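Worksheet: one structure, shown below.
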Amino acid sequence: IYHSDIIDERMFKIWTLNVALGTHGGGWVMWVERAFNQTHGQSYFMGEATRLINDFEEFFKKSRHIESKFQQQGLTGNANELIALEGPDGKEALVLLFNQSDRPAEVTVTIKDAAAGWTKVQQWEGKTFPNATKLTVTVPEKDVIALLYR
């Protein structure tokens, strides 16, 4: 247990998403209940993560990892990674880019499996990219960006 004043609040988004990934989408509810006495900032980042989980609940429930269909450059280190989940119908992919470092990371994501047929990609609550095959985004420090491939 750490005092809330020494934890970087942004990590709560990452931790909440990790709980959802580890429990096939459901365990984050218990995590939210256990994370009491949180600061307003911690609550904000947990809320951001729970909105993302809610928007893609079926991806988390299905929990079919398809990281082999993607390649990333720019995220380095043990806890910085690309996690990809197949959509409920098998025709979409949710790509999560985790950056737990203290610096923003410029990340290039490439589709390795052309047979997947994805032609559109949009950042969750963000812009649409003109090219789904290869794109570059900046992932802020201690943050997660979600990309939806269709």
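List of remarks:
- Among the listed pairs Lys69/Lys127; Lys13/Lys112; Lys13/Lys61; Lys62/Lys112; Lys61/Lys120, those beyond 25 Å (Cα-Cα): Lys13/Lys112
- Efficiency of FRET from Cβ geometry, Thr23 and Gln71, R₀ 35 Å, rounded to 0.05: 0.80
- Nearest-10 value in Å² for the accessible area of Met46, using the 1.4 Å probe: 10
- Arg10 exposes around 70 Å² of accessible area when a 1.4 Å probe is run over every protein chain in place.
- Going by accessible surface with a 1.4 Å probe and the largest first, Thr108, Thr16 read Thr108, Thr16.
- Semi-axes of the equivalent ellipsoid for segment 57-150, Cα gyration tensor, largest first, Å: 20, 15, 12
- Å² per residue, accessible surface of segment 38-109 at 1.4 Å: 50
- Compared with the alpha-carbon gap, the fully stretched path from Ala79 to Glu106 is longer by 8.1 nm at 0.36 nm per residue.
- Label point distance in nm, Lys91-Glu125, each placed 7 Å from Cα along Cα→Cβ: 2.7
The values are calculated or read from the model by the stated rules, or taken from the named source; none is laboratory data. None of the values given here were measured: they were computed from a predicted structure. Quick reminder, even Gly has a Cβ in these numbers, built from the backbone with ideal geometry, and neighbours come from all protein chains shown. Keep in mind that these areas ignore ligands, DNA and RNA; they rest on the heavy atoms of the full protein, side chains included. Shrake-Rupley method; radii C 1.70, N 1.55, O 1.52, S 1.80 Å.
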